[in-house]
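Structure, as structure tokens:
Here, each number is a calculation from the coordinates, and none is a lab measurement. Note that this is a predicted model, so its numbers are computed, not measured. Note: ideal-geometry Cβ built from the backbone for every residue, glycine included; neighbour counts use all protein chains shown.
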Amino acid sequence: MNSSVAFYKGDFVPYENAKLHITTHALHYGTSVFEGIRGNWNEKENTLFVFRMKEHFDRLLEGCKMLMMNIPYNSDQLCNITLELLEKNKFKEDVYIRPLAYKSAEVVANLKLQDLESDFAMVAVPFGLYIDSTRAINCCTSSWRRIEDTMIPTRSKIGGHYVNSILAKTEATLSGFDEAIFLTESGYVSEGAGENLFLIKDKTIFIPPVSDNNLSGITRDSVIKLIKNELNLDIVERQIRRSEIYLADELFLTGTAAHVTAVGSLDSRSIGSGKVGPITKSIQTLYFDCVTGDFKKYINWCTPTNKNL
């Protein structure tokens, strides 16, 4: 079913009534911070499990601090609003939850953050696969470089800086690829257009450091913990050169929208077998069991919408 209720200006309102004025500061200047949160439907338990919800809101509030936004909610209150929103919409399928903190002042030609009021809104919509994670996707190296933290802080999901990702994703898809891989200004691998990156070589997993301008991903953190705890494989965080990807045994991307997605080629060069590799497949299975609430060892990562569970 489609969404029927949104959270807007401190209240639950009909979805179609959650509208902004054309002079809203965030619309003109990208002065917003958002999150993407997954609600994963478990048919056996007849409930949605919301994955690592509090961690997402903790990060949203960090982004608010970056943009000098004061919203009248803490993480726990935002979690409660989310659960009530999902209950009111009565979803029985996978959903994508989009909280948005934004500079709500209705003003133009004002290039500053201070003395501008802020607000918070949230919507949840049915959402399936962002990328087909059942196969290995094909990527290209973007001609657009990843923005630097000294330009716009990359550790937060600030609305304005996602134009960088949109340009890269557009270039990739218009050229027949599924996704783009960013390099830093220094030529090191940063991340995908909307995902973190994991490279596997000789059963060791390599990840770019957050200092190479990639997001401190919550899915990234979850997968790192699963690799260490369940697969007992070594993870090395270091700078990665583009050419290393061509010679990798496996490569995969992680993100709230993308889940865990194997990469079969970069710049038309096959990675490993060109298919979903065995280590990637093991990680995918572990991750999907976690996000649907089936792997009870990690049930603390999931918040059920059914309060009786």
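Observations on the model:
- The slack in the chain from Leu231 to Arg135, taken as 0.36 nm per residue of separation less the alpha-carbon distance, amounts to 32.4 nm.
- Normalising the average separation of contacting C-alpha pairs (under 8 angstrom, six or more residues apart) by the number of residues puts the relative contact order of the chain at 20 percent.
- Sites matching GluC sites (Glu not before Pro) across region 1-80 that sit in DSSP coil, with at most 15 neighbouring C-beta atoms within 10 Å: Glu43, Glu45
- Available extension along the chain between Lys203 and Glu87 is 37.4 nm, counting 0.36 nm per residue and deducting the alpha carbon span.
- Listed values (1) 1.52; (2) 1.01; (3) 1.14 include one computed from this model; for Cα Rg over 2.2 N^0.38 Å that value carries the label (2).
- The trypsin sites (Lys or Arg not before Pro) of region 73-156 meeting both criteria, a DSSP state outside H, G, I, E and B (loop) and at most 16 other C-beta atoms within 10 angstrom of the site's C-beta, are Lys90, Lys92, Lys112, Arg135, Arg145, Arg155.
- Cα long-axis angle, helix 162-174 against the chain (0 to 90 degrees, to the nearest 10): 50 degrees
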